[in-house]
1. Can you list residue pairs whose Cβ atoms sit under 8 Å apart, with the first residue in region 82-105 being more than 30 Å from G52 (Cβ to Cβ) and the second being assigned to a loop (DSSP other than H, G, I, E, B)? Count only pairs 6 or more apart in sequence or on different chains.
2. What are the pairs, 6+ residues apart or on separate chains, where a residue within region 30-45 that is in contact (Cβ under 8 Å) with a residue 12 or more places away in the chain and open to solvent by 80 Å² or more (accessible area, probe 1.4 Å) has its Cβ under 9 Å from a residue that is among the small types (G, A, S) and in a loop (DSSP other than H, G, I, E, B)?
3. Take P162 and tell me if it is modelled with pLDDT of 90 or more, open to solvent by less than 60 Å² (accessible area, probe 1.4 Å) and in a loop (DSSP other than H, G, I, E, B).
4. I want to confirm something. Restricting to region 64-80 and keeping residues that are modelled with pLDDT under 75 and over 18 Å from T41 (Cβ atoms), which single residue is surrounded by the most Cβ atoms within 10 Å (Cβ to Cβ)?
5. With E177, E140, E169, E192 as the choices, which residue is surrounded by fewer than 17 Cβ atoms within 10 Å (Cβ to Cβ) and modelled with pLDDT of 95 or more?
6. Mind listing whichever residues of region 218-244 are within 19 Å of E110 (Cα to Cα) and touching a strand residue (DSSP E or B) at 6+ places or on another chain (Cβ under 6 Å)?
7. Could you check region 271-290 and list, in sequence order, the residues that are over 27 Å from G239 (Cα atoms) and aliphatic (A, V, I, L, M)?
Amino acid sequence: PGVVSLSELLGPGGQPMREGGTPPFRLLPARLEVAAGGSATARVECSAAELGEASCTLRLRVDDEREHAPAAPAVGLCAVVERQALELRDSESGEPLTAVSFGRLFYGLEARRVITAVNTGPSAVDFAFLNPSADADADETGTFDPHAASLSIEPAMGLLPPHGTCTIEAIFRPTSEPNASSDAKGFLASPETEPDDGQALAIELQLESVETGQALALRLTGEGVVPRLSLSEGTLVFGDVPQYDYLDRQVTLRNQSTLPMDWSLSQPAHFSLTPSSGSLPAHGEAEAYVRFS
């Protein structure tokens with residue numbers, strides 16, 4: 001039986017490491033008893049403070065009063081120390097990303113932006129997107145939050161493998177407060193004098209990781225715009241039309257918005273429309289013909 005303890009740490013050149021510094025490795029426990037014919041286990045920890053390669057020699061000592069006791073072994077230790085961090089980057093440019101701006105978008109439409117989350121270190125890290133600015137009582141009180149309803153991130157949490165990446169999508173879907181008194185969907189034609197006012201929407205997210213202790217800020221912004229479409233005629237009067245004959249009426253569609261717009265017209269019985277759908281540029285107009293036959 002005997003006692004094995006840490007004798008000293010030798011640097012790469014074989015010289016004892018300076019006292020008072022922080023050695024890159026340590027033996028835990030530094031002293032342990034070994035029974036006759038038995039074994040004992042100690043743990044070697046790497047706690048290097050500088051990036052790059054760290055190496056040393058761990059020399060042990062056997063406390064034995066016998067003369068000519070065999071020399072205890074020396075163990076060479078080596079590690080490559082890398083920075084462990086979580087980063088958000090633009091998927092196209094690869095540049096660090098702290099904000100995503102979607103610009104103006106009609107209510108009811110959706111836009112997505114791809115973000116890359118990067119784990120720069122040799123260990124797996126978890127991540128979660130939190131919204132500290134969200135109303136904590138909104139779920140309990142039923143308060144509608146247009147910002148949180150319109151901007152989101154997917155996936156909101158996950159696990160990144162060592163040196164791994166993950167594709168994340170920022171989503172902008174402008175959403176207005178539901179009208180409880182109506183089951184109607186979409187937006188009706190608007191008076192030409194109605195202003196094209198947008199609603200600024202924004203959320204401040206934090207990307208947090210327990211392993212790295214980080215809290216990265218990510219701001220998502222966009223502007224929700226109500227589609228403004230006007231018709232030159234609110235009512236089309238065809239009067240008497242002979243049997244097997246037809247009559248056409250013209251109607252002008254005007255896009256009062258500052259964004260391009262796709263439009264379509266329904267086709268009721270006995271009426272046909274040419275064209276029945278199309279696209280209008282910002283502040284543009286198009287002619288459509290309604291035929292009664």
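1. What qualifies is R104/T258; R104/L259; L105/P174; L105/L259.
2. Partner pairs satisfying both residue conditions: E33/A40.
3. Values: modelled with pLDDT of 90 or more: yes; open to solvent by less than 60 Å² (accessible area, probe 1.4 Å): no; in a loop (DSSP other than H, G, I, E, B): yes.
In short, no.
4. That would be D64.
5. Numbers: E177 fails: modelled with pLDDT of 95 or more; E140 fails: modelled with pLDDT of 95 or more; E192 fails: modelled with pLDDT of 95 or more.
Matching residue, one of E177, E140, E169, E192: E169.
6. Of region 218-244, the ones within 19 Å of E110 (Cα to Cα) are 219-228.
Residues satisfying the conditions are R219, L220, T221, G222, E223, G224, V225, P227.
7. Residues satisfying the conditions are L280, A282.
The values are calculated or read from the model by the stated rules, or taken from the named source; none is laboratory data. In this text the structure is predicted, and so the values were computed from the model without any measurement. Positions of Cβ are generated from backbone atoms using ideal geometry, with glycine treated the same way; all protein chains shown enter the neighbour counts. Note: areas computed on protein heavy atoms with side chains; ligands, DNA, RNA excluded. Shrake-Rupley method; radii C 1.70, N 1.55, O 1.52, S 1.80 Å.
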